[in-house]
């Protein structure tokens, strides 16, 4: 039997990616370049004859709009889509909205790299009265306070991503549905860590480009077999 194919896609460049700002759960739109990346991802998937039965994305519009533009190119806007906060980007706490170069100059490259890439380190936390805490955002009004981060490590991001993987995504894959996941650099890093069983130290070296489809081939027990990128 042939391997199962799962497609992962990091959203196109956002306005804050372009400005080199920490974004996290801030709901930032795609840049013009990001929209082109999303369209191009759809063209590449279409060229390679990918068809989907179901898609997952976060509740942040840079991922949602990437999914729309990609599916539009595929002429598959009609497929069901699950939007879930569990696929949101990692919450960067007090760093959200700040310039990465300025933060690096202030705290040093080693500390900032640890905040950005390590598995267990958390950036400085928000206070509960900070307007950036998701409790003040209507999108999260049905969630409990304990579910809403003041800051997150990649480890905590992994916990929420794997919850939706085990609760929903994996069963659809096992049932033969062709799945597209459009999410964020860190929520996808977390999922990739799980799929490939990457150790805590090596995950620091993984960085994902915006708008480039990643194809995972899994066996029918969902064990990782191979991956490749669709660039053309």
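Take residue 38 and tell me if it is under 20 Å from the mean Cα position of the chain (by Cα), touching a residue at least 60 places away in the same chain (Cβ under 8 Å) and part of a helix (DSSP H, G or I). Against the criterion (under 20 Å from the mean Cα position of the chain (by Cα), touching a residue at least 60 places away in the same chain (Cβ under 8 Å) and part of a helix (DSSP H, G or I)), residue 38 qualifies. For the stretch 113-139, give me each residue that is buried (at least 19 other Cβ atoms within 10 Å of the Cβ) and touching a helix residue (DSSP H, G or I) at 6+ places or on another chain (Cβ under 6 Å). 119, 123, 126, 134 - these are the residues of the stretch 113-139 that are buried (at least 19 other Cβ atoms within 10 Å of the Cβ) and touching a helix residue (DSSP H, G or I) at 6+ places or on another chain (Cβ under 6 Å).
Within the bounds of the stretch 15-25, is there any residue that is at negative phi, surrounded by fewer than 20 Cβ atoms within 10 Å (Cβ to Cβ), part of a helix (DSSP H, G or I) and in contact with a strand residue (DSSP E or B) (Cβ under 8 Å, 6 or more places away or on another chain)? Scanning the stretch 15-25 turns up at least one residue that is at negative phi, surrounded by fewer than 20 Cβ atoms within 10 Å (Cβ to Cβ), part of a helix (DSSP H, G or I) and in contact with a strand residue (DSSP E or B) (Cβ under 8 Å, 6 or more places away or on another chain). Could you go through the stretch 142-149 and let me know if any residue there is within 21 Å of residue 14 (Cα to Cα) and in contact with a helix residue (DSSP H, G or I) (Cβ under 6 Å, 6 or more places away or on another chain). Checking the stretch 142-149: not a single residue is within 21 Å of residue 14 (Cα to Cα) and in contact with a helix residue (DSSP H, G or I) (Cβ under 6 Å, 6 or more places away or on another chain).
Among the residues of the stretch 54-68, what is the count of those that are part of a helix (DSSP H, G or I) and touching a strand residue (DSSP E or B) at 6+ places or on another chain (Cβ under 7 Å)? Adding up the residues that qualify gives 6. Against the condition farther than 30 Å from residue 171 by Cα and under 18 Å from the mean Cα position of the chain (by Cα), how does residue 92 come out, does it pass? In short, yes. Counting only strands (runs of 3 or more DSSP E) wholly contained in the stretch 159-232, the ones carrying 2 or more residues that are crowded, with 20+ Cβ neighbours inside 10 Å and modelled with pLDDT of 95 or more occupy 179-183. Among the residues of the stretch 90-112, those identified as assigned to a helix (DSSP H, G or I) and touching a residue at least 24 places away in the same chain (Cβ under 8 Å) are 93, 94, 95, 100, 101, 103.
The values are calculated or read from the model by the stated rules, or taken from the named source; none is laboratory data. Values in this document were obtained by computation on a predicted structure and should not be read as measured data. Positions of Cβ are generated from backbone atoms using ideal geometry, with glycine treated the same way; all protein chains shown enter the neighbour counts.
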